[in-house]
Structure formats: C-alpha cells, structure tokens
Amino acid sequence: MNTPNIGWIGLGKMGTPMTQQLLKSGYNLIVYNRTKEKEAAFQAMGIGTAPSPAALVNQTDFIFLMVTDDQAVREIFSGEDGLLRARPTGKIFINMSTVSPDVSKEMAAECRKYGNEYVDAPVSGSVKQATEGQLVIMVGAEEKTFLQVKPVLDRIGRLSLRVGPTGAGNTAKLAINTLLAICSQGLSEAVLFAKHNGIAVDDFTQLLNHSALGSPYFKIKGDAIVQKNFQPAFALKHIAKDLRLAHDKGLTTPLAIETYQTFQEAEPTLGEEDIIAVFKSLGA
Ligand SMILES: NC(=O)c1ccc[n+]([C@@H]2O[C@H](COP(=O)([O-])OP(=O)(O)OC[C@H]3O[C@@H](n4cnc5c(N)ncnc54)[C@H](OP(=O)(O)O)[C@@H]3O)[C@@H](O)[C@H]2O)c1
C-alpha cells in the first residue's frame with residue numbers, strides 16, 4: 001500500500017498529541033470529534049474534518065479511535081452516523097482506547113462482515129509520552145494486519161508489540177492499569193503514613209526517588225502530591241473504568257480488589273481529577 005490516508009476519531013487529552021506525531025511524519029489526516037470546538041485548532045492548520053464517523057470512513061484507509069470507553073466505541077462503529085453505516089470495505093480500524101476485550105471482539109466481528117480488519121492497540125503512557133511519541137502500544141490482531149499498521153504505530157510510540165489475537169491488547173492494558181492503580185494507591189498510603197508520623201512529604205518523596213523503588217511514575221505523581229496538583233493528565237474516572245473492566249474479566253486477587261473498591265468510592269467526588277487524587281480520598 002502507498003502511504004495510507006488516516007482518519008482519526010477522538011481529539012481528547014491523548015488523541016490530540018497523538019495526531020501531532022502523525023502530522024509531523026507527513027501523514028494526511030482527516031479528524032472527527034463529537035464536540036466540534038476541539039476540531040477548531042485542526043481546521044486552523046488546514047487539516048480536514050468530518051461531520052460524522054460515517055463521513056470520514058470512505059476517504060481514509062486506516063481509521064484510528066482514541067475515545068473514552070466501550071459505549072463510545074459502540075456508538076462510533078454502530079451509531080446512526082457510525083463508521084459501519086457507510087458500509088466500508090478494505091479498511092483497517094485501529095482502536096487505541098482502553099476498552100474491554102469483549103467490545104473489541106464484537107467490533108472485529110462486525111468489521112469483518114464487510115471485509116475490514118480491526119486492531120486493538122491501547123497505550124501505556126500519558127499526555128507527556130503521547131506528546132513525545134514515546135507511548136508503549138500493546139496490540140491484539142492478526143500478524144499480517146499488525147505488520148500493515150506497525151509503521152504508523154511506530155510514529156506514535158517507542159514500542160508496538162503484538163501480544164495475541166483480537167482483544168489481547170486490551171487484556172494486557174487492563175493488567176498494566178491495574179498495576180498502575182495499585183502503585184498509585186501504594187504511593188499515597190506510604191506518603192500518608194510518613195506524613196502522619198512527622199516526616200515532611202517532600203523529604204519522603206525525595207528519599208523514594210533516590211531509592212531502589214524510584215521510578216518515573218513515582219517521581220511524577222510524588223511531585224504532584226507535594227505540589228497538591230491534581231489537574232488531570234489521566235482522569236481518575238478513566239482508571240475507575242479500567243478497574244471495573246478488569247474486575248468484570250475476573251481480576252479479583254487481593255490487591256486488585258482493594259484498589260478496585262478504593263477507586264470506585266473515590267470516583268463520584270474525584271473522577272474529574274487526576275488518578276493520584278486517590279491520595280485525597282485516603283485521608284490526606
Ligand atoms: N489520559 C491518559 O493519561 C491516558 C493514558 C492511556 C490511555 N488512556 C485512555 O485513552 C482513552 C482516551 O483518554 P483521554 O484522556 O484522551 O480522554 P478525554 O480527554 O476524556 O477524551 C475522550 C475522547 O472521547 C470522545 N468521546 C467520548 N464519548 C464519546 C462518544 N459517545 N462518541 C464520540 N466520542 C466520544 C470525547 O469526545 P468529546 O470531546 O465530545 O467529549 C473525546 O474526544 C481512554 O480510553 C483512556 O482510558 C488515557
């Protein structure tokens with residue numbers, strides 16, 4: 001295939017910087033976002049926009065989705081002006097959203113009815129990594145389809161790895177995000193224990209960063225706790241959603257269950273804040 005034309009659906013916190021990597025690499029893009037204001041910056045750059053997913057699909061070869069959840073994915077594929085309403089054929093749909101393996105299997109079956117392929121390709125990393133093209137991408141797809149889309153994925157991330165057939169990327173992502181939630185809660189509990197026993201929070205995070213446990217994640221989120229900065233890079237409501245998906249798929253081991261409960265309880269009040277706002281829910 002010559003250079004594919006790319007359709008991009010979802011210009012949120014992640015989708016927007018991810019498109020910038022593709023634009024920098026010279027790909028032609030047409031974008032769609034449900035809330036039209038988010039398309040304005042693209043229009044100002046002379047990039048094509050589409051009024052609906054259905055209107056975008058037949059002008060493009062690879063169609064990416066980076067949207068919230070299972071419901072959004074179902075609406076975008078099967079809704080009134082959804083992708084499949086346009087009866088596309090020969091397209092590859094690449095869903096990078098964090099969703100359930102089940103919705104990927106369902107959408108893949110729908111796509112194949114008309115001779116299209118579906119790839120689940122969720123990402124690890126947040127806005128910073130998306131902006132720098134440094135995401136880690138876990139892929140569920142047939143090997144042949146993966147190899148077709150890999151050159152594009154390699155512009156978005158520093159690693160794209162196929163881990164199995166449809167849904168396997170989503171399963172890997174749920175495993176990673178469960179660990180992310182456990183680490184966020186663990187960091188919060190350790191900081192609170194130290195604080196309640198008279199240790200300054202910035203002294204504690206400095207020690208942690210220089211210890212064998214020091215890591216980029218603990219550094220970023222430790223700094224956020226010190227600065228009381230809970231602006232969302234990764235909204236707490238999204239990790240609560242991911243823990244629900246993992247729970248529904250049978251992840252009920254002790255730490256996973258504890259963390260699942262903590263985040264479900266925190267979501268109604270702290271859902272729009274960052275994942276590390278869990279610190280506040282634990283008695284900060
Ligand atoms: N933020 C992170 O650090 C991070 C990291 C890794 C993975 N993820 C995952 O990446 C995905 C996107 O996250 P984000 O942080 O970019 O979220 P976000 O900023 O909230 O953006 C969500 C996007 O989904 C669209 N959307 C939601 N429901 C829709 C529907 N029913 N129909 C059409 N579009 C719909 C939104 O459109 P509107 O503008 O109209 O609302 C927006 O474009 C999520 O699955 C998240 O779990 C996020």
| request: Check whether at least one residue in region 197-215 is within 22 Å of the chain's Cα centre (by Cα) and open to solvent by less than 80 Å² (accessible area, probe 1.4 Å), and report yes or no. | output: yes
Evaluate the following for residue 126: is it within 16 Å of the ligand (Cβ to nearest atom), open to solvent by less than 70 Å² (accessible area, probe 1.4 Å) and at pLDDT below 95?
yes
Take residue 151 and decide whether it is out of contact with any helix residue (DSSP H, G or I) (no Cβ under 9 Å at 6 or more places or on another chain) and either within 23 Å of residue 19 (Cα to Cα) or crowded, with 19+ Cβ neighbours inside 10 Å (or both).
yes
Picking from 187, 245, 180, the residue that is crowded, with 16+ Cβ neighbours inside 10 Å, touching a Lys or Arg at 6+ places or on another chain (Cβ under 7 Å) and of a type in the set (A, V, I, L, M, F, W, C) would be 187
Checked pairs for region 88-102, first in contact (Cβ under 8 Å) with a residue 24 or more places away in the chain and within 9 Å of the ligand (Cβ to nearest atom), second open to solvent by 10 Å² or more (accessible area, probe 1.4 Å) and among the charged types (D, E, K, R), C-beta under 7 Å and 6 or more apart or across chains, list as 98/173; 99/69; 99/70
query = When you look at residue 139, is it in contact (Cβ under 8 Å) with a residue 12 or more places away in the chain, away from the ligand (no atom under 11 Å from the Cβ) and not in a loop (DSSP other than H, G, I, E, B), yes or no?
reply = yes
Among helices (runs of 4 or more DSSP H) entirely inside region 1-116, those with 1 or more residues being open to solvent by 20 Å² or more (accessible area, probe 1.4 Å) and either in the same structural domain as residue 177 (by TED's automatic domain parsing) or within 30 Å of residue 246 (Cα to Cα) (or both) are 15-24, 70-78, 101-113
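The values are calculated or read from the model by the stated rules, or taken from the named source; none is laboratory data. Worth saying up front: this structure is predicted, and the values here are computed from it rather than measured. In this analysis, Cβ positions are derived from the backbone assuming ideal geometry, glycine residues included, and neighbour counts consider all displayed protein chains. Ligands, DNA and RNA are excluded from the accessible area calculation, which covers all protein heavy atoms including side chains. Shrake-Rupley method; radii C 1.70, N 1.55, O 1.52, S 1.80 Å.
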